[in-house]
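Step one of this worksheet: look at the structure below.
We did not get these values from a lab; they are worked out from the coordinates using the rules stated. Note that the coordinates shown come from a computational prediction; the quantities given were computed from them, not determined experimentally. Cβ sites come from the backbone with ideal geometry, for glycine too, and all protein chains shown count toward neighbours.
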């Protein structure tokens, strides 16, 4: 992969549907009680227990204006995560230039193009 992907000028991976970024118990612990209460939506069910793991609530980051509530968009063309150091494991797994990254970038390009034609 020769191309460099600057996430802070993109933010495409932070946009999605209402139940987009799942938050597991370890993620909530990393965020802490106050930020979990502020940033994580109420549970929408339960993840069943499995070998060596208790059941836990099925939770997701809150979404606002089509993106994760932790995404800071107040500076034009700058996308920063307010909880980057403590972000959920699914965000940590999302690698720049990966297939999901390129899909998110393509989706945003289509949406931006459609919006500019209105």
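Placing a pseudo-label 7 Å from each Cα along the Cα-to-Cβ vector at residue 34 and residue 74 gives an inter-label distance of 1.7 nm. Against the chain, whose longest principal axis is taken from its Cα atoms, helix 99-116 shows a tilt of about 50°.
Of the residues 30, 53, the one with the fewest other Cβ atoms within 10 Å heads the list, and the complete ranking is 53, 30.
In percent, how large is the relative contact order of the chain, given Cα pairs closer than 8 Å and 6 or more residues apart?
Working: 145 pairs, mean separation 40.4, N = 118.
With pairs under 8 Å counted, the relative contact order is 34 percent.
How far is the Cα center of the stretch 55-82 from the Cα center of the stretch 5-22, in Å? Using only Cα atoms, the two centres lie 8 Å from each other.
Label zone of residue 56 (point 7 Å out along Cα→Cβ, amide N under 11 Å): in the stretch 28-46 this covers 28-31. Taking the alpha carbon gyration tensor of the chain, multiplying each eigenvalue by 5 and rooting it gives semi-axes of 27, 16, 14 Å, largest first.
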